[in-house]
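The values are calculated or read from the model by the stated rules, or taken from the named source; none is laboratory data. Everything quoted here is computed from the prediction, not taken from an experiment. Heads up, the Cβs are rebuilt from the backbone with ideal geometry, glycines too, and the neighbour counts pull from every protein chain shown. For the accessible areas, the whole protein counts, side chains as well, though only heavy atoms, and no ligand, DNA or RNA atoms are used. Shrake-Rupley method; radii C 1.70, N 1.55, O 1.52, S 1.80 Å.
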Amino acid sequence: MRRRSKLLMGLLLFNAVSSVAGGVALMTALIPEQSEWVQHNDFPSLYFPGVILMAIVGGSAALAAVAMVKQSPGWELASLLSGVIMVFWIIGEIASIRGFHFLQIVYLLTGLLVVWFTPSQRVGVSP
């Protein structure tokens, strides 16, 4: 496995594990709910955002990592999509809670790096 591929795999696994763990922590109240986190949105609690974080954000990164290992057709698209999902999750989180935490920079960067390190494939172009 080349260095670039190892970095991409590490990013995907980091995003998958930390998003699933964060989602479970929100759903089970391991992370204490702060009223300002739900004050400016329609969620009555952090349970549903935890489900989204775990299933969509973490799940897409995990799926992309598995597809990459298996070299499944379209793994590049799965990887690219998981990076985009992470970026939009963080932007939405900042807008929703109207607050800022240094981890949001970390996850914004990991999402952007997944997009950057995902190899591009030309669809429908013959050599």
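Count of segment 1-26 residues, restricted to those that are at pLDDT 95 or above and among the hydroxyl-bearing types (Ser, Thr, Tyr), is 2. Within segment 11-36, take every residue that is within 19 Å of residue 106 (Cα to Cα) and more than 13 Å from the chain's Cα centre (by Cα) and give me the one that is least open to solvent (accessible area, probe 1.4 Å). Here the residue is 25.
A count restricted to segment 38-72 and to residues that are farther than 24 Å from residue 82 by Cβ, open to solvent by 40 Å² or more (accessible area, probe 1.4 Å) and among the hydrophobic types (A, V, I, L, M, F, W, C) stands at 0.
Quick one: in segment 39-53, of everything that is closer than 12 Å to residue 26 by Cα and of a type in the set (A, V, I, L, M, F, W, C), which residue is modelled with the lowest pLDDT? Across segment 39-53, the extreme among qualifying residues is 46. Summed over segment 98-118, the residues that are at pLDDT below 90, surrounded by 13 or more Cβ atoms within 10 Å (Cβ to Cβ) and of a type in the set (Phe, Trp, Tyr) give a count of 0.
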